[in-house]
Amino acid sequence: MRVAGVSRPRRNAGPGRLTGVDAVRGLAVLGMFAVHVGPGPRPEGAGYLVVAADGRAPALFTLLAGFSLALAQRSGGGTPAEASGSWTQRHRALMIRCAVLALLGLALAALWPGILVILTFFAVYFLAAEPFTRLTTPVLTAVAGASVVAGPLLSYLLGPVFGYAASGRGAVPEPSALTSWDGLGRTLLELLLTGAYPLATYFPYVLVGLALGRLCDLRERRSAARMALWGTAAAVGGYGAAWLWAHPLGGRERLLSVIAERHPEAAAAADPVGAVLGGQYGAIPSTSWEWLLVADPYSQTPLETIGNAGVGCALIGLFVLAAHRRAGVLVLGPLAALGAMALSAYVAHALVLAGPAHGAASWTALAGFAGVSVAAAWGWQRIWADSPLRRGPLEHALRLASRGRTPA
(Lines give C-alpha, C1' and ligand atoms only; values in the text may rest on other atoms or scores of the structure.)
Protein backbone atom coordinates (compact mmCIF):
# COMPACT_ATOMS: atom_id res chain seq x y z
CA MET A 1 0.00 0.00 0.00
CA ARG A 2 3.02 2.25 0.10
CA VAL A 3 4.73 4.00 -2.78
CA ALA A 4 8.26 4.67 -3.87
CA GLY A 5 9.90 8.08 -4.00
CA VAL A 6 10.04 10.56 -6.86
CA SER A 7 12.79 10.18 -9.41
CA ARG A 8 13.13 13.84 -10.40
CA PRO A 9 13.70 15.92 -7.27
CA ARG A 10 12.84 19.61 -7.12
CA ARG A 11 13.85 22.30 -4.73
CA ASN A 12 11.08 21.36 -2.27
CA ALA A 13 11.34 17.61 -2.80
CA GLY A 14 12.52 15.29 -0.07
CA PRO A 15 11.43 12.66 2.39
CA GLY A 16 8.95 15.03 4.04
CA ARG A 17 6.39 14.59 1.28
CA LEU A 18 6.17 10.84 1.71
CA THR A 19 6.38 11.19 5.49
CA GLY A 20 3.22 13.29 5.34
CA VAL A 21 1.36 10.76 3.17
CA ASP A 22 2.50 7.85 5.34
CA ALA A 23 1.43 9.75 8.46
CA VAL A 24 -2.10 10.12 7.04
CA ARG A 25 -2.11 6.37 6.40
CA GLY A 26 -0.92 5.84 9.96
CA LEU A 27 -3.79 7.98 11.20
CA ALA A 28 -6.16 5.78 9.18
CA VAL A 29 -4.70 2.73 10.93
CA LEU A 30 -5.40 4.32 14.31
CA GLY A 31 -8.91 5.17 13.11
CA MET A 32 -9.38 1.53 12.17
CA PHE A 33 -8.28 0.51 15.67
CA ALA A 34 -10.76 2.99 17.17
CA VAL A 35 -13.63 1.41 15.24
CA HIS A 36 -12.56 -2.20 15.80
CA VAL A 37 -11.45 -2.21 19.46
CA GLY A 38 -12.57 1.13 20.88
CA PRO A 39 -15.85 1.82 22.68
CA GLY A 40 -18.95 2.52 20.64
CA PRO A 41 -19.13 5.85 18.80
CA ARG A 42 -20.94 8.22 21.18
CA PRO A 43 -21.16 11.96 20.43
CA GLU A 44 -19.91 13.06 23.82
CA GLY A 45 -16.51 13.77 25.32
CA ALA A 46 -13.74 11.49 24.07
CA GLY A 47 -16.37 9.50 22.20
CA TYR A 48 -16.15 12.07 19.42
CA LEU A 49 -12.78 10.53 18.49
CA VAL A 50 -14.51 7.25 17.63
CA VAL A 51 -17.33 9.15 15.90
CA ALA A 52 -14.72 10.89 13.74
CA ALA A 53 -13.15 7.56 12.77
CA ASP A 54 -16.39 5.67 12.20
CA GLY A 55 -16.85 5.18 8.48
CA ARG A 56 -13.93 7.43 7.55
CA ALA A 57 -11.07 5.01 8.24
CA PRO A 58 -11.85 2.59 5.35
CA ALA A 59 -12.69 5.55 3.10
CA LEU A 60 -9.33 7.14 3.89
CA PHE A 61 -7.46 3.87 3.23
CA THR A 62 -9.20 3.54 -0.12
CA LEU A 63 -8.55 7.16 -1.13
CA LEU A 64 -4.87 6.70 -0.25
CA ALA A 65 -4.73 3.59 -2.43
CA GLY A 66 -5.60 5.69 -5.47
CA PHE A 67 -3.35 8.54 -4.37
CA SER A 68 -0.43 6.12 -4.00
CA LEU A 69 -1.02 4.76 -7.50
CA ALA A 70 -0.66 8.32 -8.82
CA LEU A 71 2.55 8.86 -6.86
CA ALA A 72 3.89 5.58 -8.27
CA GLN A 73 3.16 6.84 -11.78
CA ARG A 74 4.91 10.10 -11.01
CA SER A 75 7.94 8.22 -9.71
CA GLY A 76 8.01 6.23 -12.92
CA GLY A 77 8.14 9.26 -15.14
CA GLY A 78 5.15 11.49 -14.58
CA THR A 79 2.71 10.28 -17.25
CA PRO A 80 0.84 7.02 -17.79
CA ALA A 81 2.82 6.31 -20.94
CA GLU A 82 6.20 6.92 -19.31
CA ALA A 83 5.30 4.88 -16.26
CA SER A 84 3.84 1.95 -18.15
CA GLY A 85 6.95 -0.23 -18.47
CA SER A 86 6.64 -3.70 -19.93
CA TRP A 87 2.99 -4.71 -20.30
CA THR A 88 3.74 -8.30 -19.31
CA GLN A 89 5.83 -7.33 -16.28
CA ARG A 90 3.33 -4.76 -15.02
CA HIS A 91 0.34 -7.03 -15.32
CA ARG A 92 2.10 -10.05 -13.89
CA ALA A 93 3.09 -7.98 -10.84
CA LEU A 94 -0.44 -6.61 -10.54
CA MET A 95 -2.02 -10.06 -10.67
CA ILE A 96 0.38 -11.41 -8.05
CA ARG A 97 -0.22 -8.47 -5.75
CA CYS A 98 -4.01 -8.81 -6.04
CA ALA A 99 -3.88 -12.58 -5.56
CA VAL A 100 -1.85 -12.19 -2.35
CA LEU A 101 -4.23 -9.55 -0.99
CA ALA A 102 -7.26 -11.68 -1.85
CA LEU A 103 -5.79 -14.78 -0.20
CA LEU A 104 -4.87 -12.80 2.92
CA GLY A 105 -8.39 -11.40 3.07
CA LEU A 106 -10.00 -14.82 2.68
CA ALA A 107 -7.71 -16.36 5.29
CA LEU A 108 -8.47 -13.63 7.84
CA ALA A 109 -12.21 -13.86 7.14
CA ALA A 110 -12.03 -17.62 7.79
CA LEU A 111 -10.48 -16.96 11.21
CA TRP A 112 -13.41 -14.63 12.04
CA PRO A 113 -11.60 -11.83 13.90
CA GLY A 114 -14.92 -10.08 14.53
CA ILE A 115 -14.31 -7.42 11.85
CA LEU A 116 -15.31 -7.04 8.21
CA VAL A 117 -12.00 -7.77 6.46
CA ILE A 118 -11.37 -5.36 3.58
CA LEU A 119 -8.31 -6.93 1.90
CA THR A 120 -10.18 -9.02 -0.67
CA PHE A 121 -12.04 -5.91 -1.74
CA PHE A 122 -8.72 -4.08 -2.11
CA ALA A 123 -7.56 -6.75 -4.55
CA VAL A 124 -10.58 -5.92 -6.71
CA TYR A 125 -9.93 -2.17 -6.42
CA PHE A 126 -6.38 -2.54 -7.69
CA LEU A 127 -7.48 -4.72 -10.59
CA ALA A 128 -10.22 -2.28 -11.53
CA ALA A 129 -7.92 0.74 -11.25
CA GLU A 130 -5.36 -0.41 -13.81
CA PRO A 131 -7.22 0.79 -16.96
CA PHE A 132 -7.90 4.16 -15.33
CA THR A 133 -4.20 4.78 -14.72
CA ARG A 134 -3.84 5.13 -18.49
CA LEU A 135 -6.35 7.96 -18.84
CA THR A 136 -5.24 11.54 -19.29
CA THR A 137 -5.62 13.73 -16.21
CA PRO A 138 -8.64 15.73 -17.46
CA VAL A 139 -10.52 12.58 -18.48
CA LEU A 140 -9.61 10.81 -15.23
CA THR A 141 -10.81 13.80 -13.20
CA ALA A 142 -14.15 13.85 -15.03
CA VAL A 143 -14.60 10.08 -14.59
CA ALA A 144 -13.75 10.32 -10.89
CA GLY A 145 -16.32 13.06 -10.39
CA ALA A 146 -19.00 11.13 -12.26
CA SER A 147 -18.27 7.94 -10.29
CA VAL A 148 -19.10 9.66 -6.99
CA VAL A 149 -22.72 9.86 -8.18
CA ALA A 150 -22.87 6.86 -10.53
CA GLY A 151 -21.54 4.28 -8.05
CA PRO A 152 -24.10 4.93 -5.28
CA LEU A 153 -26.87 5.26 -7.87
CA LEU A 154 -26.02 1.82 -9.27
CA SER A 155 -26.06 0.40 -5.75
CA TYR A 156 -29.50 1.89 -5.15
CA LEU A 157 -30.98 0.79 -8.48
CA LEU A 158 -29.50 -2.71 -8.66
CA GLY A 159 -30.19 -3.74 -5.06
CA PRO A 160 -33.81 -4.77 -5.75
CA VAL A 161 -32.76 -6.56 -8.94
CA PHE A 162 -30.74 -9.02 -6.85
CA GLY A 163 -33.20 -9.19 -3.96
CA TYR A 164 -31.47 -6.78 -1.59
CA ALA A 165 -33.84 -3.82 -1.51
CA ALA A 166 -34.16 -3.55 2.27
CA SER A 167 -31.58 -5.86 3.88
CA GLY A 168 -29.10 -8.68 3.44
CA ARG A 169 -26.07 -6.67 2.34
CA GLY A 170 -22.76 -6.01 4.09
CA ALA A 171 -21.07 -9.44 3.93
CA VAL A 172 -17.41 -10.21 3.17
CA PRO A 173 -16.12 -13.07 0.98
CA GLU A 174 -15.25 -16.26 2.85
CA PRO A 175 -13.37 -19.35 1.61
CA SER A 176 -16.33 -21.65 2.25
CA ALA A 177 -18.33 -19.78 -0.39
CA LEU A 178 -15.80 -20.66 -3.09
CA THR A 179 -16.65 -24.36 -3.12
CA SER A 180 -19.74 -24.07 -5.34
CA TRP A 181 -20.88 -22.13 -8.37
CA ASP A 182 -23.64 -20.55 -6.33
CA GLY A 183 -21.11 -19.43 -3.74
CA LEU A 184 -18.80 -18.04 -6.41
CA GLY A 185 -21.65 -15.99 -7.85
CA ARG A 186 -22.56 -14.71 -4.41
CA THR A 187 -18.95 -13.75 -3.74
CA LEU A 188 -18.69 -11.88 -7.02
CA LEU A 189 -21.89 -10.00 -6.19
CA GLU A 190 -20.51 -9.11 -2.74
CA LEU A 191 -17.29 -7.78 -4.22
CA LEU A 192 -19.05 -5.65 -6.82
CA LEU A 193 -22.32 -4.54 -5.29
CA THR A 194 -23.63 -5.97 -2.02
CA GLY A 195 -20.61 -6.58 0.23
CA ALA A 196 -19.27 -4.54 3.11
CA TYR A 197 -16.95 -2.50 0.85
CA PRO A 198 -18.30 -3.09 -2.66
CA LEU A 199 -16.67 -1.77 -5.80
CA ALA A 200 -19.78 0.24 -6.73
CA THR A 201 -19.53 2.60 -3.76
CA TYR A 202 -15.87 2.39 -2.65
CA PHE A 203 -14.09 2.49 -6.00
CA PRO A 204 -14.95 6.21 -6.42
CA TYR A 205 -12.49 6.87 -3.58
CA VAL A 206 -9.75 5.16 -5.58
CA LEU A 207 -10.53 7.26 -8.65
CA VAL A 208 -10.70 10.49 -6.65
CA GLY A 209 -7.38 9.67 -4.97
CA LEU A 210 -5.82 8.86 -8.34
CA ALA A 211 -7.05 12.17 -9.79
CA LEU A 212 -5.83 14.14 -6.75
CA GLY A 213 -2.40 12.53 -7.04
CA ARG A 214 -2.24 13.65 -10.67
CA LEU A 215 -3.53 17.17 -10.04
CA CYS A 216 -1.43 17.97 -6.95
CA ASP A 217 2.35 17.84 -6.90
CA LEU A 218 3.10 17.63 -3.19
CA ARG A 219 6.73 18.55 -3.75
CA GLU A 220 5.39 22.11 -3.81
CA ARG A 221 4.03 23.68 -0.63
CA ARG A 222 1.41 25.65 -2.55
CA SER A 223 0.01 22.43 -3.97
CA ALA A 224 -0.27 20.90 -0.49
CA ALA A 225 -1.99 24.06 0.73
CA ARG A 226 -4.49 23.85 -2.14
CA MET A 227 -5.26 20.25 -1.19
CA ALA A 228 -5.95 21.33 2.39
CA LEU A 229 -8.32 24.08 1.20
CA TRP A 230 -10.06 21.93 -1.45
CA GLY A 231 -10.54 19.12 1.04
CA THR A 232 -11.96 21.37 3.72
CA ALA A 233 -14.41 22.90 1.23
CA ALA A 234 -15.49 19.45 -0.02
CA ALA A 235 -15.98 18.12 3.51
CA VAL A 236 -18.07 21.12 4.54
CA GLY A 237 -20.06 20.94 1.31
CA GLY A 238 -20.77 17.19 1.50
CA TYR A 239 -21.62 16.91 5.17
CA GLY A 240 -23.30 20.34 5.21
CA ALA A 241 -25.63 19.50 2.33
CA ALA A 242 -26.65 16.28 4.07
CA TRP A 243 -27.36 18.15 7.31
CA LEU A 244 -29.51 20.71 5.47
CA TRP A 245 -31.50 17.92 3.82
CA ALA A 246 -31.89 15.96 7.08
CA HIS A 247 -32.93 18.78 9.40
CA PRO A 248 -34.13 22.08 7.88
CA LEU A 249 -35.65 20.24 4.89
CA GLY A 250 -37.16 17.41 6.95
CA GLY A 251 -35.46 14.53 5.16
CA ARG A 252 -34.74 12.55 8.31
CA GLU A 253 -38.38 12.59 9.38
CA ARG A 254 -39.41 11.27 5.99
CA LEU A 255 -36.84 8.48 6.26
CA LEU A 256 -38.18 7.53 9.70
CA SER A 257 -41.57 6.96 8.06
CA VAL A 258 -39.92 4.76 5.43
CA ILE A 259 -38.11 2.82 8.16
CA ALA A 260 -41.33 2.19 10.06
CA GLU A 261 -42.85 0.69 6.92
CA ARG A 262 -39.93 -1.05 5.20
CA HIS A 263 -37.38 -1.63 8.00
CA PRO A 264 -39.51 -2.42 11.08
CA GLU A 265 -36.61 -4.25 12.77
CA ALA A 266 -34.78 -0.90 13.07
CA ALA A 267 -37.73 1.30 14.04
CA ALA A 268 -37.24 0.87 17.79
CA ALA A 269 -33.50 1.59 17.76
CA ALA A 270 -32.12 4.74 19.38
CA ASP A 271 -30.95 5.80 15.92
CA PRO A 272 -33.17 4.05 13.35
CA VAL A 273 -31.31 5.54 10.36
CA GLY A 274 -27.97 4.37 11.75
CA ALA A 275 -29.43 0.95 12.53
CA VAL A 276 -30.52 0.45 8.90
CA LEU A 277 -27.18 1.63 7.56
CA GLY A 278 -25.35 -0.56 10.09
CA GLY A 279 -26.75 -3.60 8.31
CA GLN A 280 -25.97 -2.29 4.84
CA TYR A 281 -22.42 -0.88 5.19
CA GLY A 282 -21.26 0.08 1.71
CA ALA A 283 -24.57 -0.55 -0.05
CA ILE A 284 -27.42 1.93 -0.44
CA PRO A 285 -30.84 0.82 0.89
CA SER A 286 -33.29 0.76 -2.01
CA THR A 287 -36.48 1.59 -0.11
CA SER A 288 -36.44 5.36 -0.74
CA TRP A 289 -34.44 7.60 -3.04
CA GLU A 290 -33.82 9.86 -0.02
CA TRP A 291 -31.28 7.33 1.28
CA LEU A 292 -29.01 8.82 -1.41
CA LEU A 293 -28.98 12.14 0.48
CA VAL A 294 -27.73 11.01 3.89
CA ALA A 295 -24.08 11.21 4.96
CA ASP A 296 -24.08 8.92 8.00
CA PRO A 297 -21.11 6.56 8.51
CA TYR A 298 -20.98 3.72 5.97
CA SER A 299 -23.88 5.13 3.96
CA GLN A 300 -21.51 5.65 0.96
CA THR A 301 -23.92 8.07 -0.67
CA PRO A 302 -22.62 10.80 -3.00
CA LEU A 303 -22.68 13.31 -0.12
CA GLU A 304 -20.83 11.06 2.31
CA THR A 305 -18.29 10.19 -0.38
CA ILE A 306 -17.67 13.89 -1.06
CA GLY A 307 -17.36 14.59 2.66
CA ASN A 308 -15.06 11.64 3.37
CA ALA A 309 -12.90 12.36 0.33
CA GLY A 310 -12.69 15.97 1.43
CA VAL A 311 -11.44 14.94 4.87
CA GLY A 312 -8.80 12.72 3.27
CA CYS A 313 -7.72 15.44 0.85
CA ALA A 314 -7.44 18.01 3.65
CA LEU A 315 -5.44 15.63 5.87
CA ILE A 316 -2.97 14.84 3.10
CA GLY A 317 -2.45 18.54 2.40
CA LEU A 318 -2.05 19.48 6.07
CA PHE A 319 0.27 16.60 6.94
CA VAL A 320 2.46 17.19 3.89
CA LEU A 321 2.65 20.90 4.73
CA ALA A 322 3.80 19.98 8.25
CA ALA A 323 6.32 17.49 6.88
CA HIS A 324 7.97 20.12 4.69
CA ARG A 325 9.71 21.25 7.91
CA ARG A 326 12.20 19.17 9.82
CA ALA A 327 10.25 19.53 13.07
CA GLY A 328 7.16 18.23 11.32
CA VAL A 329 9.04 15.19 10.01
CA LEU A 330 10.21 14.41 13.55
CA VAL A 331 6.75 14.80 15.06
CA LEU A 332 5.03 12.77 12.35
CA GLY A 333 7.79 10.13 12.23
CA PRO A 334 6.21 7.50 14.53
CA LEU A 335 2.82 7.86 12.85
CA ALA A 336 4.46 7.66 9.41
CA ALA A 337 6.30 4.50 10.46
CA LEU A 338 2.96 2.87 11.23
CA GLY A 339 1.49 4.07 7.95
CA ALA A 340 4.46 2.76 5.98
CA MET A 341 3.61 -0.77 7.09
CA ALA A 342 -0.18 -0.47 7.15
CA LEU A 343 -0.68 -3.92 5.60
CA SER A 344 1.43 -5.60 8.27
CA ALA A 345 -0.39 -3.66 10.99
CA TYR A 346 -3.79 -4.59 9.55
CA VAL A 347 -3.02 -8.30 9.35
CA ALA A 348 -1.40 -8.35 12.80
CA HIS A 349 -4.35 -6.63 14.46
CA ALA A 350 -6.80 -9.00 12.74
CA LEU A 351 -4.84 -12.01 14.01
CA VAL A 352 -4.87 -10.64 17.55
CA LEU A 353 -8.61 -9.97 17.29
CA ALA A 354 -9.15 -13.54 16.10
CA GLY A 355 -7.40 -14.77 19.25
CA PRO A 356 -6.71 -13.20 22.63
CA ALA A 357 -8.44 -9.86 22.00
CA HIS A 358 -11.59 -11.18 20.32
CA GLY A 359 -14.50 -8.93 21.16
CA ALA A 360 -12.36 -6.18 22.72
CA ALA A 361 -14.16 -2.85 22.89
CA SER A 362 -12.77 -0.34 25.39
CA TRP A 363 -10.50 2.66 25.71
CA THR A 364 -7.91 0.39 27.33
CA ALA A 365 -7.91 -1.96 24.33
CA LEU A 366 -7.66 0.98 21.93
CA ALA A 367 -4.75 2.51 23.85
CA GLY A 368 -2.99 -0.86 23.90
CA PHE A 369 -3.40 -1.52 20.18
CA ALA A 370 -2.38 2.03 19.25
CA GLY A 371 0.60 2.24 21.58
CA VAL A 372 2.04 -1.18 20.76
CA SER A 373 1.55 -0.73 17.01
CA VAL A 374 3.17 2.72 16.83
CA ALA A 375 6.09 1.61 19.03
CA ALA A 376 6.56 -1.64 17.10
CA ALA A 377 6.50 0.11 13.72
CA TRP A 378 8.91 2.81 14.84
CA GLY A 379 11.25 0.22 16.35
CA TRP A 380 11.07 -1.97 13.24
CA GLN A 381 12.12 0.93 11.03
CA ARG A 382 15.02 1.78 13.33
CA ILE A 383 16.25 -1.84 13.36
CA TRP A 384 15.93 -2.31 9.59
CA ALA A 385 16.84 1.26 8.64
CA ASP A 386 19.23 0.24 5.86
CA SER A 387 17.28 -2.77 4.62
CA PRO A 388 14.32 -3.20 2.26
CA LEU A 389 12.61 -4.81 5.26
CA ARG A 390 12.27 -1.29 6.65
CA ARG A 391 8.98 -1.00 4.77
CA GLY A 392 7.42 -3.77 6.84
CA PRO A 393 7.54 -7.58 6.69
CA LEU A 394 4.39 -8.15 4.62
CA GLU A 395 5.08 -5.13 2.42
CA HIS A 396 8.56 -6.51 1.67
CA ALA A 397 7.18 -10.00 1.01
CA LEU A 398 4.59 -8.56 -1.35
CA ARG A 399 7.26 -6.64 -3.19
CA LEU A 400 9.41 -9.76 -3.52
CA ALA A 401 6.44 -11.77 -4.77
CA SER A 402 5.86 -9.26 -7.53
CA ARG A 403 9.63 -8.87 -8.11
CA GLY A 404 9.58 -5.21 -7.26
CA ARG A 405 7.64 -4.17 -10.36
CA THR A 406 4.99 -2.33 -8.38
CA PRO A 407 5.22 -0.44 -5.10
CA ALA A 408 4.32 -2.32 -1.97
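For the pair Ile96 and Ala375, the difference between a 0.36 nm per residue extended length and the Cα-Cα distance amounts to 97.4 nm. Comparing the range 165-209 with the 2.2 N^0.38 Å rule of thumb, its C-alpha radius of gyration ratio is 1.25 (two decimals).
Leu30 exposes around 50 Å² of accessible area when a 1.4 Å probe is run over every protein chain in place.
Which of the three applies to the range 127-258, rounded, prolate or oblate, going by the alpha-carbon gyration tensor with a ≥ b ≥ c and a/c under 1.5 meaning rounded?
Because a/c hits 1.5 or more and a/b fails to exceed b/c, the range 127-258 counts as oblate.
Packing, taken as the mean count of other beta carbons within 10 Å per residue, orders the peptides 139-146, 286-293, 305-312 from highest to lowest as 305-312, 286-293, 139-146. Across all directions, the shadow cast by the convex hull of the chain built on its C-alpha atoms averages 19.6 square nanometres. Once you have a ≥ b ≥ c as the square roots of the Cα gyration tensor eigenvalues for the range 42-171, tell me rounded if a/c is under 1.5, and otherwise prolate or oblate according to whether a/b is larger than b/c. It comes out prolate by the Cα gyration axes. On the basis of the beta-carbon distance and an R0 of 35 Å, Ala397 and Trp112 show a calculated FRET efficiency of 0.90. For the range 224-374, the alpha-carbon radius of gyration amounts to 1.32 times the rule-of-thumb value 2.2 N^0.38 Å expected for a compact globular protein. Given R0 = 25 Å, the distance between the Cβ atoms of Ala146 and Trp289 translates into a calculated FRET efficiency of 0.85. Its DSSP H runs of at least 4 residues, each contributing -39,500 (n - 2.57), put the calculated 222 nm mean residue ellipticity of the chain at -21000 deg cm²/dmol, to the nearest 500.
Let me make sure I get this right: for the range 192-253, a, b and c are the square roots of the gyration tensor eigenvalues over alpha carbons, sorted descending. Under 1.5 in a/c it's rounded, otherwise prolate if a/b > b/c, else oblate. Which is it?
oblate
With N the number of residues in the range 217-269, Rg(Cα) / (2.2 N^0.38 Å) evaluates to 1.87.
Full extension of the chain segment joining Arg325 with Leu249 gains 22.8 nm, where the gain is 0.36 nm per residue of separation less the Cα-Cα distance.
The values are calculated or read from the model by the stated rules, or taken from the named source; none is laboratory data. On a predicted model such as this, the values are computed, not experimentally measured, just so you know. Ideal geometry is used to build each Cβ from the backbone, glycine not excepted, and the neighbour counts take in all protein chains shown. Quick note on the areas: whole protein, heavy atoms, side chains included, nothing else; ligands and nucleic acids left out. Shrake-Rupley method; radii C 1.70, N 1.55, O 1.52, S 1.80 Å.
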